[in-house]
Amino acid sequence: MTHPEHDTDTDTAPVTPRRARRDRERERTGRTRRRRRWIWITAAALVLVLPVALVGGYLWWLGSTYDGSVGRIPNAFPSEDARPTGVAGVTNILLIGSDSRDGLHDVMSGKATGERSDTLMLVHLPADRSGVVFVSIMRDLWVPIPGHGTAKINAAFSWGGVPLAVQTVEDLLGARIDHVMVVDFDGFGALSTALGGVEVRSDYAFTSKNMPGYSFVKGDNLLEGSAALAFVRERYSFPDGDYQRVRNQQAFIRGILQSFISASTLTDPGRTRAAIGTFARYVAVDDGLDASAVASLALGYPGLRPGDIHTLTLPTAGTGTSPDGQSIVKVDPARTEVLRKALAADDVIPTLEGGALGDGRK
């Protein structure tokens, strides 16, 4: 038989001073535990969310710098009906270097520029993002230009602006161009300064004849400002002229990329923003290459290393003379076809490393 006075587990048990004290302590303990639990939950949320917010804000800050300065090229591409089909996951960007003394105003007007492209590079990003390939196209390469017969490839930019340059390269390589970037040569010097100097390796010791007063050593050179411009423009000092100039431009592009991905740049927000802002002021791009698209491409390369950057000169068959007496560079049909097939199969890096495209120098 149960005696009510001894049943302390029921609500009818008498409330003694001792029991009241125990209940108050239990309630305080429960409140303390709940408070601690919420403190830990809040702290964990901050640990997880705050870095994302900071990174997101930082990327927005950089993106606004780019979008606020970069020029836009209206109608950058040729008519769709004659263009090659893209390869899933692959991104091809046509980089056009302009030596115009009037900046990029003609480019952004959407009209013929009247200026020949001084540099042409296909920037190839394979679907697996295993590296980046820069394919330089010699400016004097003798090729068919749609609607104009056969001529030096740099004439396409002059006669039909960006769309004709894109169409000519697409016809040559059988590869779809996804984005276009036109760079004012003066931007090379400004960008190298914003990065605190760009280290490049030169095959020769030489003194510039195109821009007297600048000398470079064989091996590593730290370039900044006008010295960078003198380096990428020079061709008269070399036995093979424009071929070496193209290799110097490749070395400079490699140096720019390595400077961008270096710890000293990535951990310095001020330097990063200055470099992006400087670069954007000297660049015009197609409408699709906005900050969001650039960020998406960059996120595909979270661990890009110097060894992942590959350079190649579109294989040629040497120099010659055109029917109308111009000094030209001749296409190597066999090895160009190898590159066409590699681009179509998303197999460029293995093909290059296997030697099927030569040593990549000419």
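What to note about this one:
- Residue count, the stretch 339-359 (criterion: over 21 Å from the mean Cα position of the chain (by Cα), surrounded by 17 or more Cβ atoms within 10 Å (Cβ to Cβ) and more than 15 Å from Asn92 (Cα to Cα)): 2
- Boolean, Phe206 is of a type outside the set (Ser, Thr, Tyr) and either at pLDDT below 95 or touching a helix residue (DSSP H, G or I) at 6+ places or on another chain (Cβ under 8 Å) (or both): no
- Among the conditions (1) under 20 Å from Thr319 (Cβ atoms); (2) open to solvent by 30 Å² or more (accessible area, probe 1.4 Å); (3) in contact (Cβ under 8 Å) with a residue 40 or more places away in the chain, Asp178 misses just one, which is (1).
- Arg235 vs. criteria closer than 27 Å to Val162 by Cα and charged (D, E, K, R): yes
- Some residue of the stretch 100-108 being acidic (Asp, Glu), assigned to a loop (DSSP other than H, G, I, E, B), modelled with pLDDT under 95 and open to solvent by less than 70 Å² (accessible area, probe 1.4 Å): no
- In the stretch 205-237, of all residues being among the small types (Gly, Ala, Ser) and not in a loop (DSSP other than H, G, I, E, B), the one that is most open to solvent (accessible area, probe 1.4 Å) corresponds to Ser215.
- When the residues of the stretch 238-288 are filtered to those that are under 13 Å from the mean Cα position of the chain (by Cα) and polar (S, T, N, Q), the one that is most open to solvent (accessible area, probe 1.4 Å) is Gln258.
- Test: Asp290 is among the charged types (D, E, K, R) and touching a residue at least 60 places away in the same chain (Cβ under 8 Å): yes
- For the stretch 301-324, filtered to residues that are open to solvent by 30 Å² or more (accessible area, probe 1.4 Å) and of a type in the set (Gly, Ala, Ser), the residue that is modelled with the highest pLDDT is Ala317.
- Residue ID - farthest from the chain's Cα centre (by Cα), chosen from residues in the stretch 170-219 that are farther than 22 Å from Val143 by Cβ and among the charged types (D, E, K, R): Lys209
- Of all residues making up the stretch 344-362, the number that are farther than 14 Å from Val132 by Cβ, in contact with a helix residue (DSSP H, G or I) (Cβ under 7 Å, 6 or more places away or on another chain), of a type in the set (A, V, I, L, M) and touching a residue at least 60 places away in the same chain (Cβ under 8 Å): 0
- Taking every residue in the stretch 66-93 that is surrounded by fewer than 15 Cβ atoms within 10 Å (Cβ to Cβ) and pairing it with any residue that is modelled with pLDDT under 95 and among the β-branched types (Val, Ile, Thr), at least 6 positions away or on another chain, the pairs with Cβ-Cβ distances below 9 Å are Asn75/Val162.
- Where Gln167 falls short, out of the listed (1) more than 23 Å from the chain's Cα centre (by Cα); (2) open to solvent by 10 Å² or more (accessible area, probe 1.4 Å); (3) at pLDDT 95 or above; (4) not hydrophobic (A, V, I, L, M, F, W, C): (1)
- Residues of the stretch 195-204 that are part of a loop (DSSP other than H, G, I, E, B), open to solvent by less than 40 Å² (accessible area, probe 1.4 Å) and not small (Gly, Ala, Ser): Leu195 alone.
- Any chance Arg335 is touching a residue at least 12 places away in the same chain (Cβ under 8 Å), open to solvent by 40 Å² or more (accessible area, probe 1.4 Å), of a type outside the set (A, V, I, L, M) and within 18 Å of Asp171 (Cβ to Cβ): yes
- Close pairs (6 angstrom Cβ cut-off, 6 or more residues apart or separate chains): farther than 10 Å from Ile261 by Cβ in the stretch 295-306, open to solvent by 50 Å² or more (accessible area, probe 1.4 Å) and assigned to a loop (DSSP other than H, G, I, E, B) anywhere: Gly300/Arg129
The values are calculated or read from the model by the stated rules, or taken from the named source; none is laboratory data. Remember, predicted model here, so these are calculated numbers, not experimental data. With ideal geometry, Cβ positions are generated from the backbone for all residues, glycine too; neighbour counts draw on all protein chains shown. Each accessible area value is taken on the protein alone, full model and side chains, heavy atoms only, with ligands, DNA and RNA left out. Shrake-Rupley method; radii C 1.70, N 1.55, O 1.52, S 1.80 Å.
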